[in-house]
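To start, the structure itself, in structure tokens.
Every number in this text was worked out from the coordinates using simple rules, so none of it is lab data. None of the values given here were measured: they were computed from a predicted structure. Note that we place each Cβ from the backbone using ideal geometry, even for glycine, and neighbour counts take in every protein chain shown.
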Amino acid sequence: MTKDLVYVIPAGKYGKEEILNLLTNHPEIKFASLVGIDLAGNDTDEKIPIGLFMEDMEKFYDGSAVQTDGSSVVLTGIATLNNAKLDMLADASVNWFVDYNYEHIDEETGKPVGTLRIPAFLVHDGLRVDSRSILAQSMEYIKAEIKALFQNNSKIAGLEHINAADVDDILFTAATELEFWVKTPANKAEVEELSASQVLQEQYWQRTRGNVRTAMEQAILMMAKYGLEPEMGHKEVGGVKAQIDETGHLNHVMEQLEIDWKFSNALQCADNELQARIIVKEAFRANGLEVTFKAKPIIGVAGSGEHTHVGIAAKLKSGKVVNLFSPSDMKQYFLSAIGYGAIMGLLKHYEVINPFISSTNDSLNRLKPGFEAPVCIVTSLGHTPAVPSRNRTILAGLVRDVNNPMATRFEVRSPNPYTNTYIAITAIYMSMLDGIKAAVNSGKTIAELDAELSKEAGQEGFYLETERAYRSEHDVFDDYSAEERNRLFGKPPATVWENMQNIEKYPEKVKTLTIGGSFRPELVKAFVAGALVRWKTELLNRIIPENLGVVKEAVLLHNADCASDLDLSNWDKINALRVGLAKDCLSQKCIFTRIKEAIQAGDYDTASALQIEMSDKVNELKVLYREYKKNMIHC
């Protein structure tokens, strides 16, 4: 049934006539869908009959074939109610994927019905306003700027083996690692059981079994058909062992998994990630399992990250590709001047990058100190250039292989599966460009650039801020106190409001992201506005109601006949927390009410502070109630 299906139309392989012939020869492809990505990272999906697409194919390329209402996507303040028209413009520079519905079989061909998903740009008032456009146009700007650096500098430190006149093109390579939780529907696992399994590392890289194994294998094989070139699938640290039911099947599945695939260019990387998520969800759903890509689906247990790898290379006129992060002598130096500039630019501007990486309550639930959470603005290069090492406690680390210069790249550890990868990669590369320019134009040696990155807090640098430190080869959680971390590497934001405030707090750093006209100030403003709308809405309509459920489930369990003094003491503490969180009195309103009133009044500083207090008290309530419950015995 699935033989001879078309899964991918490679970028640049087919012209318009060839695509028409392909679709004619594959009548199982019944629909086309233009996939635009709004500022929140949501992808559009519609069903256009394939015959209509074939008739009006020219109009799909010029953006006149499909229009949508801007109120249906997240373009806050741009596509307004009185100016909502959006045009959708097909992008022929990347791969097109065919999404098959294996539950809907075409009667004529006996094959699953397919939808041709065509990556697209969203155009409003003649300007592109979508996430894909921000990334695509930013890469073109950065490419031109790095080419200009080579033209204006005959030799760049660490890259003396490259003749500027030989540079033909600049290539941006990126890859993401997809972590996710999978479970059988309606199953719940005790946090303590999950936490114990995590600490004991009972699940990490263990053998998968049953329908989890089947779904994992199917997802990996399907990714290969779509040209994603999967490299590995394995269990992550979170999860508990599944149970076997009376039929011999596994149930009560609760596991954390990871799937990785090969790098690509920056835009294709983000498109590939979107397709990978679709493949994973469908493979596991077909096997009776639910998948969540939430950053922190279970508080108190390992969250899911999406480590993002970025690199820059030059294609020479001879056709040879050279990694611009790698120095000519890999055993003597960690990086070239471009490599040092890239990591310095990223770290210096991270306060205004983080809002685009961590824009949800869920993302910030994951980014709390402890268990390798990448919250400190600091890097690690390794102990010596000749012997690479990896520090998993830092924000962005150097990945390198002394014997393979092409492998040199930076791993940014803070993104999560719901991070808008298009905008996150844009912000990362734009900040890197600023540092690259500073490093190259300074004319400093590799040793001097290494000293700049490795400087101590309080030491003045030519580019990095005086009061901060930026490199550590230590475990930043075990070897520093919280106060030391905040002083050296900056205090991480605790709420979406705190994170978004950095856009207002650091206007000069924001200019680094908006220079070049791709990530325009109005798009930054729209992103922030949309994130704050979601923050307020989720806080009022999801988080508070969920926490109210926690309060109501914490009920009195003891009776006077067998209650111990510990029971009475615990219950007094529990009830005080319950009342403080959820019950208004004449003299004092509860935290839930005060948050609602602060948001209604537009007092977001107060709402943010109360959100932190609420989170702390709810977590305290959960811990206390578990201890109270354990002490109950039947009298």
| note | Other residues with Cβ under 11 Å from the Cβ of residue 350 give, with Lys and Arg +1 and Asp and Glu -1, a net charge of +2
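Can you give the net charge of the other residues whose Cβ lies under 14 Å from the Cβ of residue 605, counting K and R as +1 and D and E as -1?
The answer is -2.
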| request: Stick to the Cα atoms of segment 307-397, pair each with every other, and give me the Kirkwood hydrodynamic radius in Å at one decimal. | output: 15.1
| task | Quickly work out the residue 285-to-residue 387 label distance, labels modelled 7 Å from Cα along the C-beta direction, and quote it in nm with one decimal. | result | 5.0
| Residues whose placed amide H lies under 5 Å from that of residue 395, excluding near-sequence neighbours | 376, 378
| message | 5 Å is the cut-off here: which amide hydrogens, built 1.01 Å from N in the peptide plane, fall below it relative to residue 231, excluding neighbours closer than 5 in sequence? | response | 260, 261, 262
| query | Can you sort 232, 88 by how many other beta carbons sit within 10 Å, fewest first? | reply | 232, 88
| message | For the pair residue 155/residue 565, report the inter-label distance in nm, with labels modelled 7 Å from Cα in the Cβ direction. | response | 8.1
| In what sequence, highest mean first, do 348-359, 512-523 appear when ranked by Cβ atoms within 10 angstrom? | 348-359, 512-523
| request: Anything over 20 Å Cα to Cα? Flag those among 235/281; 596/629; 536/622, in the order listed. | output: 596/629; 536/622
| Neighbour cut-off at most 15 other Cβ (10 Å), DSSP loop, GluC sites (Glu not before Pro), segment 90-166 | 107, 108, 160
| task | Just rank 562, 376, fewest to most, by other beta-carbon atoms within 10 angstrom. | result | 562, 376
| request: Take the alpha-carbon centre of segment 79-99, take the same for segment 501-524, and report the distance between them in whole Å. | output: 24
| Counting only pairs 8 or more places apart or on different chains, how many lysine pairs in segment 8-128 have C-alpha atoms closer than 24 Å? | 12
| request: Could you pull out which residues in segment 271-287 have an amide N less than 14 Å from a spot 7 Å beyond the Cα of residue 109, following the Cα-Cβ vector? | output: none
| query | How large is ³J(HN,Hα), in whole Hz, for each residue of segment 342-349 in order, when computed from phi with the Karplus curve 6.51 cos²θ - 1.76 cosθ + 1.60 and θ = phi - 60°, using x for Gly and Pro? | reply | 4, 6, 5, x, 4, 5, 5, 9
| field | Net +/- balance of residues flanking residue 49 in space, Cβ distance below 13 Å, scoring K and R +1, D and E -1 | value | -1
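With n ≥ 4 as the cut-off for DSSP H runs, can you work out [θ] at 222 nm for the chain, using -39500 (n - 2.57) per run divided by the number of residues, rounded to the nearest 500?
-12500 deg cm²/dmol
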| task | Please work out the C-alpha center-to-center distance from segment 398-467 to segment 550-599 and express it in whole Å. | result | 48
| Which whole-Hz ³J(HN,Hα) couplings does segment 383-398 yield from phi under the Karplus relation 6.51 cos²θ - 1.76 cosθ + 1.60, θ = phi - 60°, glycine and proline marked x? | 6, 9, x, 6, 10, x, 9, 10, 10, 8, 9, 9, 6, 9, x, 8
| field | Hz values of 3J(HN,Hα) by residue in segment 588-594 - Karplus curve (6.51, -1.76, 1.60), Gly and Pro given as x | value | 8, 8, 6, 4, 4, 5, 5
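Can you give the extra length, in nm with one decimal, that the chain gains between residue 72 and residue 585 once fully stretched, where that is 0.36 nm per residue apart less the Cα-Cα distance?
Full-extension gain reported as 180.5 nm.
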| task | Diagonalise the Cα gyration tensor of the chain and give the resulting equivalent ellipsoid semi-axes, square root of 5 times each eigenvalue, largest first, whole Å. | result | 41, 34, 26
| task | Evaluate the distance, in nm, between pseudo-label points positioned 7 Å from the Cα of residue 406 and of residue 612 along their respective Cα→Cβ axes. | result | 4.8
| field | Residue order, fewest to most beta carbons within 10 Å, for 117, 128, 542, 534 | value | 542, 534, 128, 117
| task | Multiply the residue gap between residue 576 and residue 603 by 0.36 nm, knock off their C-alpha separation, and tell me the result in nm, one decimal place. | result | 7.1 nm
